Amino acid sequence: MKKNIPAFLLGLLLLGAWQCIAMGIGAAYILPSPLQILSKLWQLREILLFVHLPATMGVTFLGLLISVVLGLFLAVIMDISPKIENALYPFIVASQTIPTTAIAPLFVLWFGYSIWSKVLVTILITFFPIVITVYDGLKATKREMEELLMTYGATKKDIFIKLKLPTALPPFFSAIKMAIPLSIIGAAIAEWLGAQSGLGYFSKRMMTQLDGAGVFAPIVLLSMVAMISVAIVSMIEKKCITWRKEI
Amino acid sequence: MLEFQNVSFQYPQDSRPMMENLSFSVEDGAFISIIGASGCGKSTIFRLINGLEKPQKGAIFVNGRPIEQIKQYSAFMPQKDLLFPWRTIEKNICLPMELQNISKQEQKKRCQQVLEEVGLSAYAKKYPKDLSGGMKQRISFARTILAGAEMLLLDEPFSALDFLTRVDMQEWLLKQWEHFHKTILFITHDVEEAVFLSKSIFVIQQKPFCDMQSIQVPLAYPRKREDLKKKEIVDLKEQLIQKLRQQEAKAI
Ligand SMILES: Nc1ncnc2c1ncn2[C@@H]1O[C@H](COP(=O)(O)OP(=O)(O)O)[C@@H](O)[C@H]1O
Ligand SMILES: [Mg+2]
């Protein structure tokens with residue numbers, strides 16, 4: 001707890017500075033003050049919490065789920081077969097050079113305003129760090145440990161289950177912690193680009209109305225959700241991984 | 001009995017063979033040390049016995065049968081303990097038995113027994129990070145024992161330990177050997193360790209090598225530290241050191 005105090009103080013300081021500058025400018029459509037944002041958040045709480053947040057979370061959750069499944073699958077088959085690795089790896093890296101925000105409108109063309117256009121954007125942004133981190137984790141197993149298992153007569157499957165999976169578990173958690181904020185950002189961007197509900201969509205609508213505090217309020221809400229989710233994952237991680245410090 | 005018959009081996013990326021037409025044999029129940037300059041191929045002999053490498057020529061037999069046809073004839077203990085940090089001590093020891101699909105009950109029984117043997121019963125539920133270097137090597141040894149093989153291949157198991165711990169572990173290992181009646185092949189670069197522990201010592205003298213000189217240690221078991229002060233033992237140590245230095249000189 002003690003080590004969090006400096007961060008807490010700095011946060012307060014920054015918020016205070018923001019409040020002063022915003023009050024100095026005195027134009028909420030350019031820079032709303034933190035207090036204005038908070039009061040807006042309170043004012044809009046029902047529609048934000050019960051209409052738009054669930055919409056965004058739906059996209060986030062589906063996108064994250066598919067990214068994790070797809071990411072793990074790709075990482076595992078690349079680890080099993082060097083041929084598949086050679087074939088896939090360049091494409092996976094190349095997928096990151098796609099300017100997602102630029103082609104997202106195309107997805108709207110394909111899938112309309114359905115949830116899938118937004119899920120696709122989320123996946124494109126999220127799955128990459130999962131594949132790469134987990135794949136590196138699987139590759140990071142110590143050669144000596146693998147050979148020791150082989151001297152005990154272990155099969156490929158034994159080695160995968162008893163050695164590779166546990167070694168890849170810490171990187172897997174890191175990947176998830178990275179992927180949560182990314183998937184939320186992905187969902188919000190997708191909604192910003194074309195949607196009929198969701199916090200990203202709401203923020204954009206407030207933009208057109210020059211309601212500065214209204215633009216920020218959904219974003220603050222998203223940040224809070226992201227932080228809480230990462231904190232929960234961290235807690236699960238602490239329960240599962242007791243050995244990390246040692247490696 | 002372990003037998004090498006005319007074994008030749010070369011790593012693909014090396015320009016010279018490691019060993020050529022190597023033949024030797026080890027009796028059941030023996031304690032053999034292999035010494036030689038570093039890089040001369042000691043660990044490679046173990047990799048061949050383990051089946052991690054295949055000889056290009058010749059064959060290796062255990063009790064008259066080629067090793068390709070048999071299982072669990074040898075158990076390897078590396079220099080680093082290589083305990084899995086995510087497994088408790090107990091689970092680490094059970095690893096080889098898990099791979100052999102031995103029943104949970106039987107695993108537990110043997111694990112408790114061996115933990116008692118090595119004097120670490122209190123640590124069953126702890127993790128490797130809670131143990132000292134010497135304790136970890138004892139656990140690693142326990143795991144090797146429970147791999148269920150009659151022949152143990154120990155590759156410089158104590159070389160990473162500090163001097164006092166190493167001396168303790170040597171005495172401890174002799175006790176374990178007498179208790180478990182296994183055949184032990186022990187790699188070391190420490191001449192004194194080889195002399196103190198083994199019935200006979202194999203010396204690797206050239207590269208590539210085609211035989212190993214076998215030298216008997218004129219001491220009975222059980223042994224004591226003081227035995228190392230006897231004249232013939234001091235001479236033997238001197239003689240071995242000379243051999244190793246000649247080899248180093250040739251290498252340069
Ligand atoms: N796993 C391996 N793969 C390829 N080459 C190896 C391997 N292990 C050892 N070597 C080669 O063999 C040499 C050392 O052999 P090694 O049996 O480890 O010697 P020692 O145990 O006597 O120090 C190294 O110089 C290296 O060229
Ligand atoms: Mg070696």
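Cross-link reach is defined here as a Cα-Cα straight distance under 18 Å, omitting same-chain residues fewer than 8 places apart; for A:K177 the aspartates and glutamates meeting it are A:D136, A:E237.
Given +1 on the Cβ of Lys and Arg, -1 on the Cβ of Asp and Glu, and no further charges, what dipole in debye does the stretch A:33-240 carry about its Cα centre, rounded to the nearest 20? Let's see the in-between values first.
Values: 16 positive and 11 negative charges, 33 e Å.
So the magnitude is around 160 debye.
For the stretch A:130-189, the alpha-carbon coordinates run over 51, 16, 13 Å along the three principal axes, in decreasing order. In summary, chain A shows an alpha-carbon radius of gyration equal to 1.23 times the 2.2 N^0.38 Å reference for compact globular proteins.
Charges were assigned to the Cβ only: +1 to each Lys and Arg, -1 to each Asp and Glu. The resulting dipole of the protein assembly as shown about its Cα centre is roughly 940 debye. For the pair the stretch B:1-55 and the stretch B:156-176, the centres of their Cα atoms are 24 angstrom apart. Normalised by the number of residues in chain A, the mean separation of alpha-carbon contacts (under 8 Å, six or more apart) gives a relative contact order of 26 percent.
If you count the DSSP beta bridges with both ends in the protein assembly as shown, what percent of them are antiparallel, to the nearest 5?
Details: 16 of 34 bridges.
The antiparallel fraction comes to roughly 45 percent.
From the convex hull of the Cα coordinates of the stretch A:154-247, what is the mean projected area in square nanometres? Spell out each step's value before the answer.
Details: hull surface 34.2 nm².
With the hull built on Cα positions only, its mean projection is 8.6 nm².
Is there a pair in B:K199/B:K229; B:K104/B:K125; B:K199/B:K224; A:K156/A:K239 whose C-alpha atoms are over 20 Å apart, and which pairs would that be? The answer is A:K156/A:K239. At q = 0.12, 0.16, 0.20 Å⁻¹, what log₁₀ I(q)/I(0) does the stretch B:143-240 have when each alpha carbon counts as one equal point scatterer in the Debye sum? Ignoring solvent entirely, the Cα scatterers give -0.42, -0.75, -1.15. Can you classify the stretch B:63-107 as rounded, prolate or oblate using the Cα gyration tensor, where a ≥ b ≥ c are the square roots of its eigenvalues, rounded means a/c under 1.5, and otherwise it's prolate if a/b beats b/c and oblate if not? Oblate shape, in that a/c is at least 1.5 and b/c is the bigger or equal ratio.
Based on other C-beta atoms within 10 Å, arrange B:D227, B:D155 from fewest to most. Mind dumping the intermediate values first?
Details: B:D227 15, B:D155 20.
Least crowded to most crowded, the residues run B:D227, B:D155.
Mean-square fluctuations from a GNM of chain B, with a 10 angstrom spring cutoff on Cα atoms, peak among B:A220, B:A147, B:A75 at B:A220. Farthest towards the positive end of the charge dipole of chain A, among the residues A:L38, A:S203, A:I25, is the Cα of A:L38, using unit charges on the Cβ of Lys, Arg, Asp and Glu. For the stretch B:104-225, give the share of DSSP beta bridges that are antiparallel, in percent and rounded to the nearest 5; count only bridges with both residues there. Roughly 45 percent of the beta bridges in the stretch B:104-225 run antiparallel, per DSSP. Look at the dipole of the protein assembly as shown built from charges on Cβ: of A:V233, B:T188, B:C210, the Cα furthest out on the positive end belongs to A:V233. Using the Cα centre of the stretch B:144-252 as origin and beta-carbon charges of +1 (Lys, Arg) and -1 (Asp, Glu), tell me which of B:V167, B:H179, B:L228 is placed farthest towards the positive end of the dipole. Of the listed residues, the answer is B:L228.
State to the nearest 20 debye the size of the charge dipole of the stretch B:93-224 about its Cα centre, where the only charges are +1 on K and R beta carbons and -1 on D and E beta carbons.
Details: 17 positive and 16 negative charges, 103 e Å.
Magnitude of the dipole: close to 500 debye.
With a 10 Å cut-off between alpha carbons and a GNM built on chain A, which of A:L35, A:L64, A:L221 moves the most? Result for chain A, Cα springs under 10 Å: A:L35 fluctuates most. Whole-percent P(r), the stretch B:84-148, all Cα pairs, 5 Å bins from 0: 4, 20, 35, 26, 12, 3, 0. Just tell me, in residue order, which DSSP H segments of chain A are both 20 angstrom or longer along the helix axis (alpha-carbon based) and at least -1.0 in mean Kyte-Doolittle hydropathy. Sorted by number, the helices that extend far enough and score high enough are A:5-25, A:53-80, A:115-139, A:165-193, A:212-240.
Please compute the Kirkwood hydrodynamic radius over the stretch B:18-79, one decimal place, Å, based on all pairs of different Cα atoms.
13.0 Å
Rg/Rh for chain B (Cα atoms only, Rh after Kirkwood) is 0.97.
Let me know the Kirkwood hydrodynamic radius for the protein assembly as shown, please, with Cα pairs as the basis and the value in Å to one decimal.
Details: mean 1/r = 0.0361 Å⁻¹.
It works out to 27.7 Å.
Relative contact order of the stretch B:155-226: 24 percent, from C-alpha pairs under 8 Å at least 6 residues apart in sequence. Which of these, A:Y113, A:Y152, A:Y201, has the largest mean-square fluctuation under a Gaussian network model of chain A (Cα springs below 10 Å)? Comparing A:Y113, A:Y152, A:Y201 in the GNM, the peak value goes to A:Y152.
Since every read-out is calculated from the coordinates, none of them should be taken as a lab result. The shown structure was predicted, so the numbers you read here are calculated from the model rather than taken from an experiment. A quick note on method: Cβ atoms are made from the backbone with ideal geometry, for glycine too, and the neighbour counts reach across all protein chains shown.
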